[in-house]
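Heads up, the thing below is written out as structure tokens.
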Amino acid sequence: SLSKFKNSALLSDPKRACDIISTLSRNIPKPISAKIRLLDDTDPRPTIEFAKSLIASGATAIAVHGRIVGDESHIPARWETLVEVVRQLKQSESVPVIVNGDLYTRADINELKRRSGCDGIMLARPALYNVSLFRRGDVRNNGNNSKNGANNQQIDSAFENEVPLSKFQSQYHEGYYGYNSPLLLPRSTMIQEYIAQCVRYKAHPKNAKYVVCEMMNIRRAPTERAPFLNMNYPGGQTIADICKCRTLDDLVKVWDVRWIIPMPDASAVTEIGSGDTKDIQITCDVVDSNSTGAEIFTTPCNNSNSDHDNGGVLEDIHNYDDRYFLDPDTFRKERSEAVDAALSSTAGTKSQKSEALIVQEDEKKIDDKDDEGHMAKRKKLMND
């Protein structure tokens, strides 16, 4: 959001941002962190100065997203500038510095940590692509073992004869830390478990449907990474299939979810995964193999708190259009045109209201003059 001094709008108002951090740090006995974007696409200095001012105001950790305001998600994160920002901050500041932006593989994570010396990483879209990226695994001497990241001397020597970051970002990552790392669980398993968790906690069907659609598509991934992100599923599921779903039962059927995850007092434990990945356990009850997979679920979208129930299918309480996923370019264009039309209409309405007020004021002045004339005539008659 760029409005009302919120979110990225604060990047252009350092004083207000620092006041917020200072006020929070004085009144809340908890660590206060700040997440910012790059302020310039090539020059690290504005971002460094902004981060330092937040730290001086009381921020105990800084996270930096490797894009500037206005960068769309399909544009690669600006790692070169991000690395330089983090390296210089680590030279002068003692607080943890966290990086964010296009960390789709463990190879990405290790490389950015090694080159920048950052203290940690943040994930958003890559976690939607495959949340098992968070699973722990050994470093195989291919990552950064240092608790606080690589020191600057190591980084300086490593930069010599090294692959440029822009090239590294566009390469296919193979091997133990690549796109097909054995540490990762199958994406279909992750989606099935997510749906099972939605049933467990009685999630709103539209929320669940939206997240599943995000997990299944790459429309917001950087263009150069899209070819490396597998969108094929064993069951042949498509975004169109998910967009037809109206209940959690529908999602269960489409994804053939054959287990449920009860609350923690359940007794059965079933392992998810195979081979090297068979070390994560999920407490669950397994559906009989002859079952359709949906029979065990009641229709959880019959929410008693809703006034918009329609035969077990919730009406548009949580609104979004399926074309957001099915035809995003057309939908974005139509939405933009609708917003422009609404703004024009609002402007026109305001203009009409102003003109009406002017007319009303003029009429009132005429009426007042008429009243004054009538009163004068009445007084004259009375005097006569």
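The values are calculated or read from the model by the stated rules, or taken from the named source; none is laboratory data. Note that the structure is predicted; figures quoted are calculated from it, not measured. Heads up, the Cβs are rebuilt from the backbone with ideal geometry, glycines too, and the neighbour counts pull from every protein chain shown. Just the protein is used for accessible areas: all its heavy atoms, side chains included, with ligands, DNA and RNA removed. Shrake-Rupley method; radii C 1.70, N 1.55, O 1.52, S 1.80 Å.
Just a few scattered comments:
- Every pair of residues 6+ apart whose Cβ atoms lie under 9 Å, when the first sits in segment 174-189 and is under 14 Å from Asn110 (Cβ atoms) while the second is of a type in the set (Gly, Ala, Ser) and outside any helix (DSSP H, G or I): Gly175/Ser181; Tyr176/Gly137; Tyr177/Gly137; Tyr177/Gly143; Ser181/Gly137; Leu183/Gly137
- Looking across segment 77-135, the residues that are among the hydroxyl-bearing types (Ser, Thr, Tyr) and touching a Lys or Arg at 6+ places or on another chain (Cβ under 9 Å) come down to Ser92, Tyr104, Ser116, Tyr129, Ser132.
- Among the residues making up segment 196-213, those that are within 15 Å of Asp321 (Cα to Cα) and either hydroxyl-bearing (Ser, Thr, Tyr) or exposed (fewer than 14 other Cβ atoms within 10 Å of the Cβ) (or both) are Asn207, Tyr210.
- Residues within segment 214-243 that are under 14 Å from Asp321 (Cα atoms) and of a type in the set (A, V, I, L, M), tallied: 3
- The condition of being on the phi < 0 side of the Ramachandran plot, open to solvent by less than 60 Å² (accessible area, probe 1.4 Å) and not hydrophobic (A, V, I, L, M, F, W, C) holds for only one of Asp19, Asp13, that being Asp13.
- Residue, most open to solvent (accessible area, probe 1.4 Å), within segment 46-66, restricted to residues that are in a loop (DSSP other than H, G, I, E, B) and either under 11 Å from Val85 (Cα atoms) or touching an Asp or Glu at 6+ places or on another chain (Cβ under 8 Å) (or both): Ser57
- Filtering Lys167, Lys202 for residues that are of a type outside the set (Val, Ile, Thr) and in contact (Cβ under 8 Å) with a residue 40 or more places away in the chain leaves a single hit, Lys202.
- Single match in Lys35, Lys6 (criterion: at pLDDT below 95 and either of a type outside the set (A, V, I, L, M) or closer than 30 Å to Val163 by Cα (or both)): Lys6
- Residues in segment 22-38 that are in a loop (DSSP other than H, G, I, E, B) and either of a type in the set (S, T, N, Q) or open to solvent by less than 60 Å² (accessible area, probe 1.4 Å) (or both): Ile32, Leu38.
- Close pairs (7 angstrom Cβ cut-off, 6 or more residues apart or separate chains): of a type in the set (Gly, Ala, Ser) in segment 208-226, surrounded by 19 or more Cβ atoms within 10 Å (Cβ to Cβ) and not in a loop (DSSP other than H, G, I, E, B) anywhere: Ala208/Ile195; Ala208/Cys198; Ala208/Leu248; Ala208/Leu251
- Test for Lys90: is it surrounded by 19 or more Cβ atoms within 10 Å (Cβ to Cβ), closer than 30 Å to Met190 by Cα, at pLDDT 90 or above and in contact with an Asp or Glu (Cβ under 9 Å, 6 or more places away or on another chain): no
- For Tyr172: the one exception among (1) open to solvent by 30 Å² or more (accessible area, probe 1.4 Å); (2) hydroxyl-bearing (Ser, Thr, Tyr); (3) assigned to a helix (DSSP H, G or I); (4) modelled with pLDDT of 80 or more: (3)
- Counting the residues of segment 202-256 that are assigned to a loop (DSSP other than H, G, I, E, B) and at negative phi gives 25.
- Restricting attention to segment 94-119, the residues that are open to solvent by 20 Å² or more (accessible area, probe 1.4 Å) and either on the phi > 0 side of the Ramachandran plot or among the polar types (S, T, N, Q) (or both) total 2.
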